[in-house]
Amino acid sequence: MCLALGASAAIGPGQKCWPSSSEWQQLNATIDGHLYETVPIAAPCYKNSPHYDEVACQAVENYYGDSIPRGTHYGQTYWLNWETCGDAGCALLETDPSELLYGTCTLGRLSSYYVDVGDASHISAALKFAHAHNIRISIKNTGHDFFGRSSVPNTLAIWTHNLDSIAFSSNFTAHNCPLANSQNVGELGAGVIATDAYHFFNSEGMDITGGYEESVGLAGGFAQGGGVGSFTTTHGLMADNAIEFEVVTADGEVHTINQCNEPELFWAMRGGGGGTFAVLTKYRVQVYPSLPIHTYTFTANFTGDTSDATQNVALREILTAHAENQVDWSAQLVTGQIEYFPERIAISLVLPYGDNGSKLRAASAAFAEFLNNRTDLSVSANNYTSYSDYASYLTVTSANAKVTEPSGIFSILASRLIPRTVFEAPETIDELVEGVVQGIATTRSHLNLTGTQIVSETPVSNLDKNQMSSAHPAWRNTLWHVIHVGEWVEPLEAEDQANVAEAFLQILEPLKKLSPGGGAYFNEAHYLEPDWEQTYFGSNYPRLLEAKNKYDPTHMFDCWKCVGWRGEHE
């Protein structure tokens, strides 16, 4: 007997209720032939795969770790944790793609079937089919997801990657909502990736509030989970700039939503997380006249003993100086990130501003002098550079992202938002520095590839006092977004991976102590966070849950620790 979707876990292949081949073919006919069986990206390289193809394999090997061409395949995720499952998967060694990581090619965590969406009607048909057959739904664009929420086995996947239209309106009229009429509004299809959006809006003389990684799909989990980047200090989160969405709800109906039409659903999708409330097809967002981008770059190796980060005086003193400058930098809307490793630092301060770079030079002068006067650093870069617009700056962000966010490997994050109050007293700054240094040391004791990013891309100019966005309220008084990152290139034994995950969870405790009632950025947090409702959503969770229950009462869109999540066995 097939139970209702909301009553029990959904079914999977091999079970009696799983649709027959003829039923899948019938679905395919109703969606113009857009249903596909999933083929893992590395399948052409496995001789035991029916998809083995030497020529196709060579092409895959050539771009295996390059996130933009990788994202054009449904059968992958950027990080292998969420593409593979234990000892099951179909992947290559990113550092040498001629080597296979598994003995046989299997789907791992990938869904069996996916709909390559061409228009909203395909989504409607897929949702109705899934409901009729008690199949869960997963939603994916690029697979750039640190939680694996877009890659769920035994689901019917909705792949939005080819909904890639982009448009600009200098005078926008909202759907049945004069309050939302605005000048300079961009429209993104759900599949648009950041690099295409940046170049398009640059051609219109505009900036969009995206992130720095070019391969991210802006309208999906990025913006629906908040969305931070180089313009966040100046214009707010991407969710803050949302004007209107086109969505397909769980019942298969297409809606245009804004602050006048289905306002609770609109609010929930402005920061409450992707893959949760409805399937988004179009994202309309405020864009802004382009600004020059000014940067300060400083990279150096520590010259002393780097075997124990807790004993690294230079590391500790630079972190302290960074924290002591942060209140002033945030007041001047300076953004960017500083990356700390046991053996080196990489500083990238950024300011979008309409001058020749003098404001950033003045804001960072004391910190730059402090660094220049040190004798315990081997400096490899130390310069100020200005770019005419963000599109020109993309060459830098692209190169950085290939280092800080390589794809085709395994990855884990642990993060915390650090409030302004921590930076107001020497004692709490010392506690903050100690907590970060201990995290740097601990992560390196478990993995060889680790680093800590301190990101100052916080919405200090948009306090959202009227709670128009559902992003975690902690964002509004945050000055640091601390991210501990760990990476590995080959599968770990289950016990080793569990130990890594636990260690990354424990290093957050000192930061949590400094930020009671605070949280973490939903898109870049630890996936095993036990207090996930508070940490990911804060005081917004009850209202978000009401929206979830109203618009998706049968949990068609369940995903890992998203709003309404009922546990890993559901």
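The values are calculated or read from the model by the stated rules, or taken from the named source; none is laboratory data. Here the structure is a predicted model, which means the values were calculated and not measured. Here Cβ is always computed from backbone atoms with ideal geometry, including for glycine, and neighbour counts include all displayed protein chains. Keep in mind that these areas ignore ligands, DNA and RNA; they rest on the heavy atoms of the full protein, side chains included. Shrake-Rupley method; radii C 1.70, N 1.55, O 1.52, S 1.80 Å.
Structure notes:
- Whole-angstrom gap from region 497-570 to region 292-308, using each part's C-alpha centre: 33 Å
- Relative to the longest principal axis of the Cα atoms of the chain, the long axis of helix 541-551 makes an angle of roughly 20 degrees.
- Residues of type lysines that Lys282 reaches as a straight line, Cα spacing below 16 Å, ignoring anything fewer than 8 places off in the same chain: Lys140
- Debye log10 I(q)/I(0) at q = 0.15 Å⁻¹ for region 59-146, Cα point scatterers: -0.65
- Cα gyration tensor category, rounded, prolate or oblate, for region 136-244 with a/c compared to 1.5: prolate
- Accessible area of region 1-149 divided out per residue, in Å², using a probe of 1.4 angstrom: 43 Å²
- Angle of helix 358-372 to the longest C-alpha principal axis of the chain, folded into 0 to 90 degrees and rounded to 10: 70°.
- Loop sites in region 392-501: GluC sites (Glu not before Pro), DSSP, at most 12 other Cβ within 10 Å: Glu493
- The chain: angle of helix 194-203 to the longest principal axis, Cα-based, in degrees nearest 10: 70 degrees
- His51-Ser392 FRET efficiency (beta carbon distance; Förster radius 51 Å; 0.05 resolution): 0.80
- Reported label for calculated Rg and Dmax of the Cα atoms in Å given [x] 29.5, 96; [y] 25.2, 84; [z] 23.2, 74: [z]
- Inter-part distance where region 107-137 and region 169-215 are each reduced to a Cα centre, Å: 28 Å
- For region 237-286, the alpha carbon positions stretch 29, 20, 18 Å along the principal axes, listed from largest to smallest.
- For region 156-232, the per residue solvent-accessible surface stands at 30 Å², with DNA, RNA and ligands left out and a 1.4 Å probe.
- Exceeding the 29 Å Cα-Cα cut-off - candidates Lys465/Lys561; Lys47/Lys561; Lys128/Lys465: Lys47/Lys561; Lys128/Lys465
- With the convex hull drawn over the C-alpha atoms of region 471-552, the volume per residue is 126 Å³.
- Here the accessible area is traced with a 1.4 Å probe on the protein chains. For the chain, carbon and sulfur cover 49 percent of it.
- Value of relative contact order over the chain, rounded to a whole percent, pairs C-alpha under 8 Å and six or more apart: 15 percent
- Under the shape rule built on the C-alpha gyration tensor, where the axes satisfy a ≥ b ≥ c, region 364-508 is rounded, since a/c falls short of 1.5.
- Order by protection proxy (mean Cβ within 10 Å, highest first), peptides 543-556, 110-123, 383-396: 110-123, 543-556, 383-396
- Extension gain, Val313 to Arg374: 0.36 nm times the residue separation minus the Cα-Cα distance gives 20.8 nm.
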